[in-house]
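Peer 1: This is the structure I want to talk about, given as structure tokens.
The values are calculated or read from the model by the stated rules, or taken from the named source; none is laboratory data. The shown structure was predicted, so the numbers you read here are calculated from the model rather than taken from an experiment. A quick note on method: Cβ atoms are made from the backbone with ideal geometry, for glycine too, and the neighbour counts reach across all protein chains shown. These accessible areas exclude ligands, DNA and RNA; they are computed on the full protein's heavy atoms, side chains included. Shrake-Rupley method; radii C 1.70, N 1.55, O 1.52, S 1.80 Å.
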Amino acid sequence: MSTESKGIQLDHQVILDLVDQQSSVLDLGCGAGDLLYLLIKEKKVSGQGIEIDDQAIYKCVAKGLNVFHGDIDSGLAEFSDKSFDYVVLNQSMQQILHVDKVLTDALRVGKKVIVGFPNFAYYKSRLQMFFQGRSPVTPSLPYQWYETPNLHFLSITDFKDYCRLKKINIERSVCVGERRETPFLPNLFGQTGIFLISK
């Protein structure tokens, strides 16, 4: 997969490949809207974002995106069942308080859900913890422990176990390293896990 020449983040390229043309997308915790903008531009999706950070919302509005100010931890009661083709939680799931509740709601509202998160079991994280005895700082976990927005630190294996426990179908999983997909030992070499799931 060549993404650097296009200037597209690798995780965004993977999600772009997972989403069908002209589908409807709800992006939970859409941040500054870079992924949503890309999906609208490249896949002609009908996109809606939810974001809690005011400054990020201003950036979304500047891009012409349709974004609601909201806390996804408070639920998605305003959306009916299967009202979107895809609900996306990219780099936001680990920052929400009630993961189980939000994922259940996302699977109710979306026909499919795409989840992307930093893999805490990435080998560089393991090495930093083992040899340095410090909380890891990597490209996918770029924050110091005292400033991180992350509330949950999970691995790719943790998420697979969760899906098995909750009887969630994993339709596709892609694990990416710093520059490419990493199908070999993904829980060790995958920096980011991206899952397409359904109920």
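Peer 1: Going by the conditions given, is F189 open to solvent by 80 Å² or more (accessible area, probe 1.4 Å) and over 17 Å from N90 (Cα atoms)?
Peer 2: Spelling it out, it is not the case that F189 is open to solvent by 80 Å² or more (accessible area, probe 1.4 Å) and over 17 Å from N90 (Cα atoms).
Peer 1: Also, I was wondering about something else. Only one residue in L76, L16, L35, L26 is in a helix (DSSP H, G or I) and in contact with a strand residue (DSSP E or B) (Cβ under 9 Å, 6 or more places away or on another chain), so which one is that?
Peer 2: Result of the check over L76, L16, L35, L26: L35.
Peer 1: Related question: Output the residues belonging to region 87-119 that are over 12 Å from the mean Cα position of the chain (by Cα), open to solvent by less than 60 Å² (accessible area, probe 1.4 Å) and of a type outside the set (V, I, T).
Peer 2: Within region 87-119, D105, A106, L107, G110 meet the criteria.
Peer 1: Within region 53-65, is there a residue that is free of Cβ contacts under 8 Å to residues at least 60 places away in the same chain, closer than 24 Å to C175 by Cβ and in a loop (DSSP other than H, G, I, E, B)?
Peer 2: There is no residue in region 53-65 that is free of Cβ contacts under 8 Å to residues at least 60 places away in the same chain, closer than 24 Å to C175 by Cβ and in a loop (DSSP other than H, G, I, E, B).
Peer 1: Restricting attention to region 20-35, and to residues there that are without any contact (Cβ under 8 Å) to a residue 40 or more places away in the chain and closer than 18 Å to K111 by Cβ, which single residue is surrounded by the most Cβ atoms within 10 Å (Cβ to Cβ)?
Peer 2: Applying the filter and picking the extreme gives Q22.
Peer 1: Right, something else. Give me the residue from region 124-135 that is over 20 Å from the mean Cα position of the chain (by Cα) and surrounded by 13 or more Cβ atoms within 10 Å (Cβ to Cβ) and, out of that set, farthest from T182 (Cα to Cα).
Peer 2: Kept after step one, since they are over 20 Å from the mean Cα position of the chain (by Cα), are these residues of region 124-135: 124, 126-135.
Among the residues that remain, those that are also surrounded by 13 or more Cβ atoms within 10 Å (Cβ to Cβ) are: 124, 126, 128-129, 135.
Numbers: K124: 14, R126: 17, Q128: 20, M129: 22, S135: 23 Å.
Per the stated criteria, the residue is S135.
Peer 1: Which one is farthest from T104 (Cα to Cα), of the residues in region 162-178 that are touching a Ser or Thr at 6+ places or on another chain (Cβ under 9 Å) and open to solvent by 70 Å² or more (accessible area, probe 1.4 Å)?
Peer 2: For region 162-178, the residue satisfying everything is E178.
Peer 1: Go through region 61-91 and count every residue that is over 24 Å from G193 (Cα atoms) and among the polar types (S, T, N, Q).
Peer 2: Looking only at that region, the number is 4.
Peer 1: Here's another thing I want to ask about it. Among the numbered conditions (1) open to solvent by less than 20 Å² (accessible area, probe 1.4 Å); (2) at pLDDT 95 or above; (3) at positive phi, tell me where V14 comes up short.
Peer 2: (3)
Peer 1: Here is a follow-up. May I ask you to say which residue of T148, T182, T138 is in contact with a Cys (Cβ under 8 Å, 6 or more places away or on another chain) and either surrounded by fewer than 15 Cβ atoms within 10 Å (Cβ to Cβ) or at pLDDT below 95 (or both)? Please lay out each step first, then the result.
Peer 2: Details: T148 fails: in contact with a Cys (Cβ under 8 Å, 6 or more places away or on another chain); T138 fails: in contact with a Cys (Cβ under 8 Å, 6 or more places away or on another chain).
Of the residues listed, the single one that is in contact with a Cys (Cβ under 8 Å, 6 or more places away or on another chain) and either surrounded by fewer than 15 Cβ atoms within 10 Å (Cβ to Cβ) or at pLDDT below 95 (or both) is T182.
Peer 1: Quick test of your reading of the structure: F68 fulfils all but one of (1) buried (at least 18 other Cβ atoms within 10 Å of the Cβ); (2) hydrophobic (A, V, I, L, M, F, W, C); (3) more than 21 Å from N150 (Cα to Cα). Name the failing condition by number.
Peer 2: (1)
Peer 1: Conditions: (1) out of contact with any helix residue (DSSP H, G or I) (no Cβ under 7 Å at 6 or more places or on another chain); (2) closer than 19 Å to Q13 by Cβ; (3) touching a residue at least 12 places away in the same chain (Cβ under 8 Å). F120 meets all but one. Number of the miss?
Peer 2: (2)
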